[in-house]
Amino acid sequence: MKQRKLLALLGATLIGLSAVNAQADQLDDIKKNGELVVGVLGTDEPATFIDPKTREFIGYEVDLAKAVADKIGVKARFKQVAVAARIPELQQKHVDIIAAGLTHNKEREAQIDFSVTTFVTGQKALVRSDSGITDLAGLSGKKVLTIRGGTQEPNIRKAVPDVNVVTFDTSQQAFLALQQGKGVGYVDDEAALLRVYAKLGPKQRDFVVLKQSISEEPLAFGLRKGEAGLKKVVDDTLRELEASGQAEKIFFKWYGPDTKSQFSTRSFKLETDKI
């Protein structure tokens with residue numbers, strides 16, 4: 001009887017160790033494959049977008065992901081994903097990490113792990129000037145446009161419970177619909193929204209950015225659950241970029257005063273994965 005119990009205990013231990021090893025293998029697999037597959041939106045300038053000259057992915061999140069790949073000693077390969085498909089692509093192992101404007105919240109922590117925060121932004125609404133709307137309350141009962149699969153829709157519904165939300169596959173499609181008069185407002189992360197607004201030039205007079213923020217959004221890289229080895233490398237890389245001053249340089253390269261985003265300060269640091 002004792003021998004059977006001992007064998008059962010030994011078997012359970014071996015199974016447990018096998019499970020741990022299986023979970024810890026992603027980083028080894030990345031090294032063996034020689035590449036880190038990174039899921040990006042590719043439509044979210046200046047975070048991730050396609051260089052019209054080289055047709056390669058560039059942007060803030062691209063630079064951070066490349067630093068992680070360099071730390072591992074492999075090449076970064078970028079794969080375009082839709083907003084609604086970000087977490088499924090990660091869970092189905094089509095990508096190794098997600099660097100795609102992904103909000104870190106408690107609900108998503110049940111599905112995936114997150115790196116240290118890589119960006120902090122608020123969400124705001126842009127409305128048509130001829131709508132007469134001056135605050136979020138004015139969106140009550142009105143048609144508001146945004147991207148599908150992100151936190152924009154639930155956040156605007158929480159802020160304005162009886163708003164009529166219409167979603168699109170990309171932020172570009174949603175904003176174009178606003179310009180075509182298919183809604184009175186457009187909701188997006190503040191950084192992306194202000195960049196779109198800046199591009200309007202003289203047509204800015206036709207739109208107004210509401211002063212109230214809908215929410216504050218900490219963004220981070222998404223990782224599969226339980227991959228402690230990969231998470232450590234990602235977090236260590238980001239914290240090293242912060243400590244060296246390189247993180248700030250990357251931020252101002254894409255969002256600084258000389259860009260269309262025109263941020264003069266950075267309100268966050270790459271240091272914690274707590275929200």
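The values are calculated or read from the model by the stated rules, or taken from the named source; none is laboratory data. None of the values given here were measured: they were computed from a predicted structure. Every residue, glycine as well, gets a Cβ built from its backbone with ideal geometry; the counts of neighbours run over all protein chains shown. In case anyone asks, the SASA skips ligands and DNA or RNA and just uses the protein heavy atoms, side chains included. Shrake-Rupley method; radii C 1.70, N 1.55, O 1.52, S 1.80 Å.
Structure notes:
- In terms of its C-alpha gyration tensor, the stretch 122-216 has a rounded overall shape, because the principal axis ratio a/c (a ≥ b ≥ c, square roots of the eigenvalues) stays below 1.5.
- Those GluC sites (Glu not before Pro) in the stretch 88-173 that DSSP places in a loop and that have at most 12 other beta carbons within 10 Å: none
- GNM remark for the chain: springs join alpha carbons under 10 Å apart, and the peak mean-square fluctuation among 149, 181, 256 falls on 181.
- Rounded Å value of the spacing that divides the Cα centres of the stretch 231-258 and the stretch 110-154: 26
- With contacts taken as Cα pairs under 8 Å and at least 6 residues apart, the stretch 122-216 reaches a relative contact order of 48 percent.
- Between residue 80 and residue 131, the C-beta separation translates, for a Förster distance of 30 Å, into a calculated FRET efficiency of about 0.35.
- All lysines inside 28 Å of residue 93 as judged from Cα atoms, apart from same-chain residues fewer than 8 positions distant: 31, 32, 66, 71, 75, 79, 106, 225, 231, 232, 274
- Ordered by solvent-accessible area of protein heavy atoms (1.4 Å probe), largest first, the residues 94, 104 come out as 94, 104.
- Protein heavy-atom surface of the stretch 130-175, 1.4 angstrom probe: 49% of the accessible area is carbon and sulfur, with nucleic acids and ligands not counted.
- Highest-fluctuation residue, 33, 105, 155 considered, GNM on the chain with Cα pairs under 10 Å: 33
- Computed from the C-beta positions of residue 258 and residue 162, the FRET efficiency with R₀ = 41 Å rounds to 0.45.
- Taking every DSSP helix (H) stretch of at least 4 residues in the chain, weighting each as -39,500 (n - 2.57) and dividing the sum by the residue count yields a mean residue ellipticity at 222 nm of -11500 deg cm²/dmol.
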